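In what follows, a single structure is set out as structure tokens and then discussed.
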């Protein structure tokens, strides 16, 4: 005999409407009740009617995920975390790659908005105005960017830069080059701000090498500029950029870390397999993807900090991590996840001049 929603409601001691809301992930239902309904539905082998569920919740069964570059292992990890969480909800993920192109991102968002009513945007390059307009007609959550009252999840970029700089200073580096990400990147703006704050009042000179496409090609140009600057260490916007820096330094026969140290950001899987293994700031990418889904489905995991420290305000005008735990006043309800420096063989004591 097929188990019906009536059977679940009877066994769980709740109404049929409560069962529907609980299985749809509605935040209206108390967490204990929601867990009880889900447990009973599993025990009874209840299979909800997806079409009926859409009529009850007013929402489709697909969630869109837009990423700037799936070849970047960081975004692959975000995607995996999001997919795993979506699967547990019985939903479907629709994934689109914009290839770091703002115009393509605009096209993708317009296309997805026509077929899904909920989206997660990882490191979007669109303007504040475009994102705010999208949020007016579609439920969205941002990853690696904060803007207005749009729900978001970010890593503690500022604290990551503080950890990286403190490590290099402890090794005696006093002239450090920063290889930045795209000018449109919110993360880069916050990392720059965090680096400047961490360096203030300390015996260190930060050399700004400029903005680069966050891939290995950008790292090739950054490495040459770093060598010309006389810096004894390079701090890269992300690991992909750092990989390019390491490759170019190897081509030029420059000893890493004997002549120059290199630090990345993200801790993608390949970082620990390099020779030398890359010192980098580890960001919980899979966790970010999962939390983004939780926020999208009603904020069941709450908003606020996960033991992280403060940050700054990005170029695009969104609130920085220091504001993330505060609600109201146009500040986003966000989760700020802690990051941790992973010290490996690409950094060493500064060479004696």
Open item on the list: Any residue at all in the stretch 133-156 that's crowded, with 22+ Cβ neighbours inside 10 Å and assigned to a helix (DSSP H, G or I)?
Closed with: no
- [ ] Being within 24 Å of the chain's Cα centre (by Cα), surrounded by fewer than 17 Cβ atoms within 10 Å (Cβ to Cβ) and touching a residue at least 12 places away in the same chain (Cβ under 8 Å) narrows it down to one of 189, 183, so name that one.
- [x] 183
Task: Subset tally (residues that are in a strand (DSSP E or B) and either in the same structural domain as residue 267 (by TED's automatic domain parsing) or over 17 Å from the mean Cα position of the chain (by Cα) (or both)) for the stretch 116-131 - done: 1
- [ ] Go through the stretch 98-115 residue by residue and tally those that are modelled with pLDDT under 85, at negative phi and in a loop (DSSP other than H, G, I, E, B).
- [x] 2
Open item on the list: Being in contact with a helix residue (DSSP H, G or I) (Cβ under 6 Å, 6 or more places away or on another chain), touching a residue at least 60 places away in the same chain (Cβ under 8 Å), closer than 14 Å to residue 262 by Cα and not in a loop (DSSP other than H, G, I, E, B) is the requirement here; does residue 235 meet it?
Closed with: yes
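The values are calculated or read from the model by the stated rules, or taken from the named source; none is laboratory data. It should be emphasised that the depicted structure is a prediction, and the values quoted were computed from it without experimental measurement. Here the Cβ is made from the backbone with ideal geometry for all residues, glycine too, and neighbour counts use every protein chain on show.
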